[in-house]
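Everything on this sheet refers to the single structure shown next.
The values are calculated or read from the model by the stated rules, or taken from the named source; none is laboratory data. This is a predicted model, so every value here is computed, not measured. Glycine also receives a Cβ, built like all others from the backbone with ideal geometry; neighbour counts cover every protein chain displayed.
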Amino acid sequence: MGRVGVDADFSDFVHARSVSLMRLAWLLAPDRAAADDLLQSALLRAYRRWHRIERDPEAYVRRALVTVAIDERRRPWRRETSVPSVPKRADSADQTVAVDDAELLRRALMSLPAGQRAAVVLRHREGLSAAQAAQLLGCSEGAARSQASRGLDKLRVSLQQPGVDIERGIA
């Protein structure tokens, strides 16, 4: 298959799966810009290895997202800092509360160690089994369960506010 065919296949994959992959990146990264960078890095890795991964590219990109997110946490000298802003809409108080709750949950997720955050997101947002999460995290099934459990425990403690549903709030 020529480079044109690879480019077309890769473009089709990105077009079809970018929304789902961006949601995962958004939950693994500290802000929108970092999520964009994270997804771009993962997609670049996938593009470079496309001929080897085209059987299951989504699994490869998900694994790359988790790996890059954890690596970024380990390299503080590469981190950029930004100020997150929550959009406020005066015309809808209900949406503001939902945005506030989502931002509260997101900040609590960002306070978790990278491995726990990835395990919680993969298990409870992405709905993966412990075995699937373990494969993406590169650890045993028991370690993936343990990381997710510890992460949820920390989230419960940090989010002891009425009206915030941890399990449903990871969206």
Residue that is surrounded by the fewest Cβ atoms within 10 Å (Cβ to Cβ), among those in the stretch 99-130 that are within 17 Å of residue 61 (Cα to Cα) and among the aliphatic types (A, V, I, L, M): 128
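Within the stretch 112-134, count every residue that is outside any loop (DSSP other than H, G, I, E, B) and in contact (Cβ under 8 Å) with a residue 40 or more places away in the chain.
9
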Pair list, Cβ under 6 Å, 6 or more apart: the stretch 135-159 residue closer than 16 Å to residue 70 by Cβ and free of Cβ contacts under 8 Å to residues at least 40 places away in the same chain, other residue surrounded by 18 or more Cβ atoms within 10 Å (Cβ to Cβ) and polar (S, T, N, Q): 147/116; 150/116; 151/116
Options 7, 37, 71; residue that is in a helix (DSSP H, G or I), modelled with pLDDT of 90 or more, among the acidic types (Asp, Glu) and surrounded by fewer than 18 Cβ atoms within 10 Å (Cβ to Cβ): 37
Hits in the stretch 40-61 (condition: among the charged types (D, E, K, R) and either outside the structural domain of residue 24 (by TED's automatic domain parsing) or assigned to a helix (DSSP H, G or I) (or both)): 45, 48, 52, 58
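Would you say residue 23 is among the charged types (D, E, K, R) and either outside any helix (DSSP H, G or I) or in contact with a Ser or Thr (Cβ under 8 Å, 6 or more places away or on another chain) (or both)?
Working: among the charged types (D, E, K, R): yes; either outside any helix (DSSP H, G or I) or in contact with a Ser or Thr (Cβ under 8 Å, 6 or more places away or on another chain) (or both): no.
So residue 23 does not fit the description; no.
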